[in-house]
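The values are calculated or read from the model by the stated rules, or taken from the named source; none is laboratory data. Everything quoted here is computed from the prediction, not taken from an experiment. We place every Cβ from the backbone using ideal geometry, glycine too, and count neighbours over all the protein chains shown.
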Amino acid sequence: MTVREIRPGRAWVLEGRTTAFALALADDGVVRQTYVGPRLGPGDDALLAHADPAKAGAVFPVAGGLEFGLPALRLAYADGVRDVRLALVAAVVLDRSRLALTLEDAAYGLRVLLTFRSEAAYDLVVRDARLEIAPGHAGAVVREAAAGALALPPAERYRLTHLAGGWACETQVRRDWPGEGRFEIGSGTRGFTGHAHNPFVALDDGSAGEESGRVLFCALAPRGDWRIVYERAPEGTHRVVAGYGADDFGWRLGPDAPLDLPTIVQGLSLGGFGAMSRALNAYVRARVLPEGRRSCIRPVVYNAWEAAGFAFDDRRLRGLADRAARLGVEVFVVDDGWFGRRVSDRAGLGDWTVNAERFPDGLEALVAHVHGLGMGFGLWVEPEMVNPDADLFRAHPDWVYRFPGRPATEVRHQLALNLARPEVAAFVAGTIQDLVARYGIDYLKWDMNRPLTEVGTTGDRPDPLVDREAPARHTAAVYAILEDLKARHPALWIEACASGGGRADLAMLARADQVWTSDNTFASDRLAIQEGYALAYPALTMDAWVTDNQEAQASLAYRFHSAMTGVLGIGADVSRWSGREVLLARRLVRQYKAIRAIVQHGDAYRLRRPSESAGRESALLYVTPDRGEAVVFAFRLMATGHGVEWPLRLAGLDPDRRYRATELAPVGAGAIRAEASGLALAEIGLALPLRGREASRVVRLRALSGRSRPEGAR
Ligand code: DGJ
């Protein structure tokens with residue numbers, strides 16, 4: 001049982017494997033979060049059930065009355081009243097794992113349906129919310145909306161760990177100590193998740209470490225613009241509200257227009273940031289990703305973008321495909337430029353017909369060639385956008401976002417299509433479905449290379465408040481198209497991309513199998529970007545290519561090793577690789593295939609973090625859930641300074657088993673062949689000296705049968 005009513009109609013506890021949240025109805029009719037901490041025994045139910053909720057934080061604070069803090073809901077009813085009074089009208093425990101609370105403002109027919117789902121195996125609580133107006137009521141305009149608030153236990157102050165950055169430097173780990181007031185991350189008015197911030201935050205009192213201490217955290221599955229706000233009130237209370245962004249949001253709530261709020265996934269780790277990431281990563285792998293592909297091994301992909309850009313034709317791609325196949329690549333992806341008059345980024349976007357000059361025999365011929373080589377065929381699309389110099393725009397100039405009489409802002413010479421309009425969304429859906437079916441596409445890369453601006457008109461409804469619905473409606477249309485694609489083509493791999501990692505979030509990961517993490521493919525930069533990405537999202541969704549795009553060319557092995565910590569891909573111009581490089585790459589691809597189940601489906605331990613070593617070091621260990629197999633990656637990122645002489649202490653192994661360590665050397669036999677107990681490897685560590693510029697080593701560990709210590713010897 002993971003959700004229990006501990007006082008009839010008044011108090012509930014949501015339990016995970018090791019932690020628990022408790023909620024209770026206070027005398028003022030507000031449901032408040034009375035406890036978050038380690039899971040207590042049933043003997044403590046009585047104490048928990050009668051904890052005084054009066055001072056605890058509301059789970060769904062609403063603007064009105066004396067609530068001056070950050071609300072989960074702020075709205076204006078049709079008659080201008082901006083005061084919400086909610087009463088709990090129903091509380092039901094469903095399937096012993098969900099608590100459904102219905103709150104009502106009866107005078108206006110407003111119903112708030114809150115669901116708390118305990119994902120006990122991962123120590124997470126998943127929160128959904130829906131706003132509805134009963135028939136016969138006039139409705140309201142919603143201005144701020146979130147599935148709820150997370151109340152933090154009393155503390156002097158909190159440290160926030162979050163992910164910030166920009167194009168080519170996504171998901172950089174940041175640590176801040178906000179003072180009294182509000183600290184907000186979000187998408188602003190970009191209309192999509194964006195590069196600036198990622199919808200994830202972790203909070204601790206400053207004492208949590210990688211493998212110790214308490215960390216409260218939440219991640220959001222956005223439905224358009226989003227924000228996560230931490231509020232520290234001068235009277236000493238702390239809350240986090242995560243939901244729709246409020247900079248330019250408005251939703252006309254009516255009997256025929258309910259509003260679903262972005263899902264919040266929240267949890268408490270008792271084992272530091274490492275346990276937090278492992279819980280989130282495992283949850284995404286098992287419960288979030290599209291069902292058909294959850295337990296699958298991600299293929300090694302070749303993508304021609306960095307090698308060819310817009311300079312390719314059928315012949316060039318065949319040549320690259322032949323070489324990729326010889327390296328052991330499993331999917332060959334044709335990126336931007338295969339359609340319309342798309343010979344640069346200035347024209348053709350939106351014209352999704354194959355460019356006959358590049359493909360005189362049609363795309364079918366290339367698809368057949370690639371399939372004949374034993375590889376899957378992948379195709380890039382950017383369906384939400386159009387170049388003004390494209391037939392699609394000439395035919396439908398009214399399909400882009402813009403305010404009447406005002407110029408539409410161009411980014412990368414392109415405009416955003418108004419997918420909030422059903423006919424535009426239907427066109428996009430039909431076009432992509434048709435492409436996938438017609439060419440037998442195995443892998444679709446869905447790109448989005450500009451934010452939304454001037455979200456001006458929404459179809460035939462010029463009401464300026466309704467225009468503010470556009471980012472949410474646009475996002476809902478994208479999600480529906482992706483869901484439909486997956487439903488019709490369960491075997492289709494989908495990669496989410498937005499100029500690199502601009503769409504890395506839980507909502508995309510429910511509809512796409514993988515994420516293009518960043519356009520920055522410099523191996524050392526990538527290790528820092530990947531550290532941040534993996535804080536919330538699992539390695540089997542983290543696409544990483546080996547490219548030639550290296551200012552100070554790191555060795556091929558180093559570039560491979562960096563990419564092998566996620567889903568290995570190749571984006572280099574392999575037609576220029578020497579015979580030696582080809583042999584080396586083949587060997588490294590083989591090595592990756594031998595360990596990728598551990599990387600992609602294992603638990604990750606961050607042994608050294610770029611963000612905590614002034615960008616100098618990175619070391620990661622992936623271990624299978626049964627701890628029978630593991631792989632360690634160690635990197636020295638900086639070319640300057642002393643070498644790294646660490647014995648790497650290996651967290652995550654079974655202390656009671658003996659492991660054989662074998663180095664996966666790029667060439668010849670590795671220096672390391674050793675045997676030791678998991679305990680010794682954790683306490684003494686593995687010596688893995690790294691010298692010279694950008695150096696790396698990879699060691700595979702296999703548990704030997706039998707135990708290394710007698711039972712109970714600890
Ligand atoms: C941005 C993506 O991140 C790149 O990988 C590539 O697909 C380009 N767009 C193509 O325009």
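Figures for the structure shown
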| read-out | value |
| --- | --- |
| Any pair with Cβ under 7 angstrom, 6 or more apart, that starts in segment 376-395 at a residue that is over 21 Å from Val334 (Cβ atoms) and ends at one that is within 16 Å of the ligand (Cβ to nearest atom) and among the hydrophobic types (A, V, I, L, M, F, W, C) | Pro388/Leu415; Asp389/Ala347; Phe393/Val386 |
| Residue, modelled with the lowest pLDDT, within segment 614-632, restricted to residues that are under 14 Å from Ala528 (Cα atoms) and in contact with a helix residue (DSSP H, G or I) (Cβ under 9 Å, 6 or more places away or on another chain) | Gly615 |
| Filter result (more than 15 Å from Glu495 (Cα to Cα) and free of Cβ contacts under 8 Å to residues at least 40 places away in the same chain) within segment 292-303 | none |
| Residues of segment 343-358 classified as free of Cβ contacts under 8 Å to residues at least 40 places away in the same chain and within 12 Å of the ligand (Cβ to nearest atom), total | 1 |
| Pairs, first touching a residue at least 12 places away in the same chain (Cβ under 8 Å) in segment 476-500, second within 16 Å of the ligand (Cβ to nearest atom) and assigned to a helix (DSSP H, G or I), C-beta under 6 Å, six or more apart | Ala496/Met508 |
| Check on Phe403, away from the ligand (no atom under 16 Å from the Cβ) and over 20 Å from Tyr479 (Cβ atoms) | yes |
| Selection within segment 56-69 - in contact (Cβ under 8 Å) with a residue 12 or more places away in the chain and surrounded by fewer than 19 Cβ atoms within 10 Å (Cβ to Cβ) | Gly64, Gly65, Gly69 |
| Within segment 70-112, strands (runs of 3 or more DSSP E) holding 1 or more residues that are exposed (fewer than 15 other Cβ atoms within 10 Å of the Cβ) and under 33 Å from the mean Cα position of the chain (by Cα) | 87-94 |
| Test: residue in segment 233-240 that is under 19 Å from Ala147 (Cα atoms), part of a loop (DSSP other than H, G, I, E, B) and modelled with pLDDT of 95 or more | no |
| Candidates Arg526, Arg596 - the one that is more than 22 Å from Gly166 (Cα to Cα), in a helix (DSSP H, G or I), of a type in the set (D, E, K, R) and modelled with pLDDT of 95 or more | Arg596 |
| Residues located in segment 512-524, provided they are more than 13 Å from Pro290 (Cβ to Cβ) and away from the ligand (no atom under 11 Å from the Cβ) | Phe522, Ala523, Ser524 |
| Test: residue in segment 636-658 that is more than 22 Å from Glu210 (Cβ to Cβ), at pLDDT 90 or above and assigned to a strand (DSSP E or B) | yes |
| Matching residues in segment 497-511 - criterion: being within 14 Å of the ligand (Cβ to nearest atom), assigned to a loop (DSSP other than H, G, I, E, B) and aliphatic (A, V, I, L, M) | Ala504 |
| Among the residues listed as Ser562, Ser555, Ser575, the single one being of a type in the set (Gly, Ala, Ser), touching a residue at least 40 places away in the same chain (Cβ under 8 Å) and surrounded by 22 or more Cβ atoms within 10 Å (Cβ to Cβ) | Ser562 |
| Scope segment 614-629; condition of a type in the set (Val, Ile, Thr) and surrounded by fewer than 23 Cβ atoms within 10 Å (Cβ to Cβ); matching residues | Thr624 |
| Qualifying positions in segment 677-691 - at pLDDT 95 or above and among the charged types (D, E, K, R) | Glu683 |
| Subset of segment 210-238 (residues that are buried (at least 24 other Cβ atoms within 10 Å of the Cβ) and among the basic types (Lys, Arg)) | Arg227 |
| In segment 305-316, the residues that are in contact (Cβ under 8 Å) with a residue 40 or more places away in the chain and either within 15 Å of the ligand (Cβ to nearest atom) or part of a loop (DSSP other than H, G, I, E, B) (or both) | Trp305, Glu306, Ala307, Ala308, Phe312, Asp313 |
| Subset of segment 602-613 that is surrounded by fewer than 22 Cβ atoms within 10 Å (Cβ to Cβ) and in a helix (DSSP H, G or I) - its residue that is modelled with the highest pLDDT | Ser611 |
| Within segment 210-232, tally of residues that are among the basic types (Lys, Arg), in a loop (DSSP other than H, G, I, E, B) and under 25 Å from Leu270 (Cβ atoms) | 1 |
| Boolean, Asp361 is among the charged types (D, E, K, R), over 22 Å from Val478 (Cα atoms) and either within 15 Å of the ligand (Cβ to nearest atom) or surrounded by fewer than 19 Cβ atoms within 10 Å (Cβ to Cβ) (or both) | yes |
| Single unsatisfied condition, Arg596 versus (1) closer than 23 Å to Gly692 by Cα; (2) crowded, with 20+ Cβ neighbours inside 10 Å | (1) |
| Within segment 377-400, tally of residues that are part of a loop (DSSP other than H, G, I, E, B) and either touching a Phe, Trp or Tyr at 6+ places or on another chain (Cβ under 8 Å) or more than 16 Å from the ligand (Cβ to nearest atom) (or both) | 5 |
| Only one of Val400, Val411, Val386, Val367 that is closer than 25 Å to Ala324 by Cβ and either in contact with a Cys (Cβ under 9 Å, 6 or more places away or on another chain) or hydrophobic (A, V, I, L, M, F, W, C) (or both) | Val367 |
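Residue-wise test of (1) within 16 Å of the ligand (Cβ to nearest atom); (2) on the phi > 0 side of the Ramachandran plot; (3) outside any helix (DSSP H, G or I).
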position	(1), (2), (3)
Met276	no, no, no
Leu280	no, no, no
Arg287	no, no, no
Pro299	no, no, yes
Tyr302	yes, no, yes
Ala325	no, no, no
Val329	no, no, yes
Val333	yes, no, yes
Gly337	yes, yes, yes
